[in-house]
Amino acid sequence: MKKKILSFIAVATLLFSMTSCIKEIDPQSSTVTKDQVANAPGAFQNAVDAITASLCGSFTYAPSDTRPYDIGLPGFYLIRDVMGQDVVYYYQNWFASWYQGSYLGPSYAYTQLPWTYYYKWIKSCNEVISLAGEEPEADKIHGAGIAYCMRAYFYQDLAQMFAPETYAKNKQAETVPVVTEKTALTDLPANPRATNEAMWEFILSDLDKAEQYLEGYTRTDVYTPDKSVVYGLKARAYLIMEDWANAEKYAKLAQAGYTVMDEAAYTDWDNGFNKPNGSWMLGLTYKADDPNILLNDADSSWGSMMCMEINPTVSGCGYAANYHQPFTIDRHLYETIPATDWRKKCYIDFAIEETTARGSEERLAALSAYTKHPDWLDANWPHSQYPFLGGINLKFRTAGGEEGRDNQYIGFTVAVPMMRVEEMKLIEIEAAGMQSESRGIQLLTEFAKTRDANYEYGQHNEAYGNTSTKAFQNEVWWQRRVEFWGEGLATYDIKRLNKGVIRSYKGTTHPEGYRQNTTTPPDRMTFCIVQTETNYNTACTNNATPVAVTADSPEYAW
């Protein structure tokens, strides 16, 4: 079994030497000649299916390589979450650039990654919309609805990643160039970035069409969107816009037919966050024949990064499980979770390391509260690449039960949530509370008690270096941080709420040299546009190059 641990310096030497030489140029023409496909049997449905089938599983950024961040949409969850404070990425390897804020300027290869992925996905949507026409026939109307819905999803992500300020802060802040099915090749060299105002108007227009076209559509699984997902995306949009009445309205509509996860589902040792359940509104899944699974010993996959239970003596693979490079929960966030909140069971208690000896019966017994294989965790941690045992994430479980734990080609074929009903609950709660705080507190208390029967409002309203939000919003934000840890929402919330990042404090598990504290969102959270776009699109401006974290801040006193 070949070792996959590559030093960050070696990776940087290979990738970062690609400055000014990146060959991939997007946005590209989004039009398609209808005559080429109109008469091919099943062509339209194949084009529709390709939109969601391409969300993970393939090496889209560099098809001839097997880079472990080239894993589809879940890779962007990790990129966005390691930029903040709640996900600790101790060993600086594949995702280090985003954790540090280094090599993220317009001339670096990493900056091409979102541009390649997102505009490729948008192109797939545009092709379907073009084939369906402005007034889709009955056999194409649902496919068009899926395309409009997913195009809105992708532009929502791009707007939040690339706009330096949110819609509510600055409607004229620039996002990204909009490319639709009507954009001609001749438009691309002079296609400016849309303002927040124009972008979110465009997104809502797409969602209006999706809502219309998906009327009466019944899907067979959660891997394609239906009208409830359209409502969920509208709720997200109105939350960003701080249109509280509409955010509440659509968040409530989106919840119909779904159930909030209970403790058994959330902490399930076999199916936890690897298999859709009644709370999942939209998801994606890795399949056994995906290149991300078949190649590179399945190490270029979400499961390799996030699933801790892979047998070290049989498989020996997995960046998180066996190469000692886990994504772990920030110690302060962990310690703010009360013992009575069952979500705390998803992360190993720091006290186990401090009160028991390695290999002892006491430690193995304590770890047995988290896994069927406490010996694997005891053997692996602490380790020089993550010198702790506490904070290890067991929220995302390996698929396939015991067979999957012995074979990563089965274990890493996991599903990953893209939208859950709990998010809609918390959008409804925040929106309600911004209109009537007493009503919001009541709704928040009702939700929080489903996680912690002893919850009392007011426990979790730390301002994190600024007082730009109400205590009520801070309390909702804390619930979102715990509920959606590792699900890609951290950067969006930090930017939306104008929060700082706190990594330097007594007892921190963030690595030395990267313990930065800020009072506002760090500049790495505003992505740069790749230089090839601005070279060929003269109307496209760019964001400032992030300044890398190079020194620790003084310890923050909570």
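Worth a mention:
- Three principal axis lengths of the range 315-423 [C-alpha, angstrom, descending]: 36, 35, 24
- Take every pair of alpha-carbon atoms less than 8 Å apart whose residues are at least six positions apart; their mean separation over the length of the range 387-493 yields a relative contact order of 17 percent.
- Centroid-to-centroid separation of the range 364-387 and the range 114-168 [C-alpha atoms, Å]: 43 Å
- Per-pair calculated FRET efficiency, R0 = 41 Å: S553 and S436 via Cβ, rounded to 0.05: 0.60
- Cα-based values for the range 251-303, radius of gyration first and Dmax second, are 14.6, 43 Å.
- Trypsin sites (Lys or Arg not before Pro) within the range 154-199, DSSP loop, no more than 13 other Cβ atoms inside 10 Å: K182
- Ellipticity estimate at 222 nm from DSSP helix runs (n ≥ 4, -39,500 (n - 2.57)) divided over the chain, nearest 500: -12000 deg cm²/dmol
- In this structure, the amide hydrogen of V176, modeled 1.01 Å from its nitrogen in the peptide plane, lies closer than 5 angstrom to those of A194, counting only residues at least 5 positions away or on a different chain.
- Length-normalised contact order for the chain - Cα pairs under 8 Å, 6+ apart - percent: 20 percent
- Full extension of the segment from S58 to A168, taken as 0.36 nm per residue of separation minus the current Cα-Cα distance, would add 36.0 nm.
- Per-q log10 I(q)/I(0), the range 31-152, q = 0.15, 0.17 Å⁻¹ (Debye; single scatterer per alpha-carbon; no solvent): -0.76, -0.88
- Rolling a 1.4 Å probe over the heavy atoms of the protein chains gives the chain an accessible area of 36 Å² per residue.
- Computed E for T259/T220 - FRET, C-beta separation, R0 25 angstrom, nearest 0.05: 0.85
- Stretchable slack from D270 to D187, in nm (0.36 nm times residue separation minus alpha-carbon distance): 24.8 nm
- Solvent-accessible area of the chain (1.4 angstrom probe, protein heavy atoms only): carbon and sulfur portion equals 51 percent.
- Modelled spin-label separation between E197 and N535, with each label point placed 7 Å from Cα along the Cα-to-Cβ direction: 3.4 nm.
- GluC sites (Glu not before Pro) restricted to DSSP loop in the range 178-282 with at most 16 other C-beta within 10 Å: E215, E242
- Label corresponding to semi-axes √(5λ) of the Cα gyration tensor in Å when calculated from the structure given, among (i) 50, 25, 19; (ii) 35, 27, 25; (iii) 47, 26, 20: (ii)
- Computed label-point distance, nm, for sites A544 and E403 using a 7 Å Cα→Cβ extension: 5.5 nm
- Debye intensity ratio I(q)/I(0), log10, the range 471-558, q values 0.10, 0.22 Å⁻¹ (C-alpha model): -0.36, -1.17
- Extension gain (nm, one decimal) between E137 and K372, 0.36 nm per residue minus Cα-Cα: 79.3 nm
- When you restrict to C-alpha pairs under 8 Å that are six or more residues apart and normalise by the size of the range 232-344, the relative contact order lands at 14 percent.
- Note on T340 and V314: their simple-model spin labels are 4.1 nm apart, each label 7 Å out from Cα toward Cβ.
- Cross-link table K344/K395; K169/K252; K169/K470; K120/K182; K171/K495, entries beyond 18 Å C-alpha to C-alpha: K169/K252
- Of the residues R451, R236, the one with the largest accessible area comes first in the ranking R236, R451, computed with a 1.4 Å probe on protein heavy atoms.
- The shape of the range 166-221 comes out oblate: with a ≥ b ≥ c from the C-alpha gyration tensor, a/c is at least 1.5 while a/b does not beat b/c.
- Amide H contacts of Y505 (H built 1.01 Å from N, in plane; Pro and chain starts excluded): Y556 sit under 5 Å, all sequence-distant by 5 or more or on other chains.
The values are calculated or read from the model by the stated rules, or taken from the named source; none is laboratory data. Quick caveat, the model's predicted, so the values are computed rather than measured. Heads up, the Cβs are rebuilt from the backbone with ideal geometry, glycines too, and the neighbour counts pull from every protein chain shown. To get the accessible areas, we keep the full protein, side chains included, count just its heavy atoms, and leave off ligands, DNA and RNA. Shrake-Rupley method; radii C 1.70, N 1.55, O 1.52, S 1.80 Å.
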